Amino acid sequence: MAAIPVEYASQRKIRERNKLYYRFNHWPIWIFVFFIAPGPLTFDLFARGFDSRMALWLGLVLAGTAIAGLRGRLPGVEPRPYIVRFTEDRPNPLYRRICYTFAWSEVVTFAVLNVSGLVVAIATGHW
């Protein structure tokens, strides 16, 4: 009778460091998240296009996220994986809570604004 191979999670090799391209590929996500964070500027971006205020804000966001990324303070840009095993109970550091709060609040805000705009357009008949 053949034995069934068993692999224990504790025996599995886990990477110790995130690869450079993996870390670099997460940076644009956070640039976008923080670039669209200020609502009035984002509204002006869609209404009037890119201007000097947008360029200044984009420069600040690029600099801030680059510094945070180099320090390993952006989710996915950390030098070592934060979550290694899903069975670990680790609290999220402050920088992860801030980043994900910004990201999810923007997702919900844009969805609610789009749906409410559609409802108003349907109710009034004006687009």
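If you fit an axis through the alpha-carbon atoms of helix 39-48 and take the longest principal axis of the Cα set of the chain, what angle between them do you get, 0 to 90°, nearest 10?
It works out to around 60 degrees.
If you average the sequence gap of Cα pairs under 8 Å that are 6 or more apart and divide by the length of the stretch 1-91, what percent do you get for the contact order?
This gives 44 percent for the stretch 1-91.
Before rounding to the nearest 500, sum -39500 (n - 2.57) across all DSSP H runs of length at least 4 in the chain and divide by the residue total; then give [θ] at 222 nm in deg cm²/dmol. Walk me through the numbers before you get to the answer.
Details: 4 runs with 76 residues, N = 127.
For the chain, the value works out to -20500 deg cm²/dmol.
Give me the dipole magnitude in Debye, nearest 20, for the chain about the Cα centre, with unit charges on the beta carbon: positive for Lys and Arg, negative for Asp and Glu.
560
In whole Å, how far is the Cα centre of the stretch 29-45 from that of the stretch 57-88?
With the stretch 29-45 and the stretch 57-88 each reduced to a Cα centre, they are spaced 18 Å.
Taking amide H atoms as placed 1.01 Å from N in the peptide plane, list the residues 5 or more away in sequence, or in a different chain, whose amide H sits under 5 Å from that of Asn18.
Arg80
With θ set to phi - 60° and the Karplus curve 6.51 cos²θ - 1.76 cosθ + 1.60, what are the ³J(HN,Hα) couplings of the stretch 119-127 in order, to the nearest whole Hz, using x for Gly and Pro?
Ordered by residue, 3J(HN,Hα) equals 5, 5, 5, 5, 5, 8, x, 10, 8 Hz.
Please work out the Kirkwood hydrodynamic radius for the chain, using every pair of different C-alpha atoms, and report it in angstroms with one decimal place.
About 18.1 Å for the chain.
Report the net charge of residues surrounding Ala68, where surrounding means a beta-carbon distance below 13 angstrom and charges are Lys +1, Arg +1, Asp -1, Glu -1.
Net charge around Ala68: +3.
Every number here is computed from the coordinates shown, using simple stated rules; none is lab data. Source: prediction; values computed, not measured. Cβ: placed from backbone, ideal geometry, glycine included. Neighbour counts: every protein chain shown.
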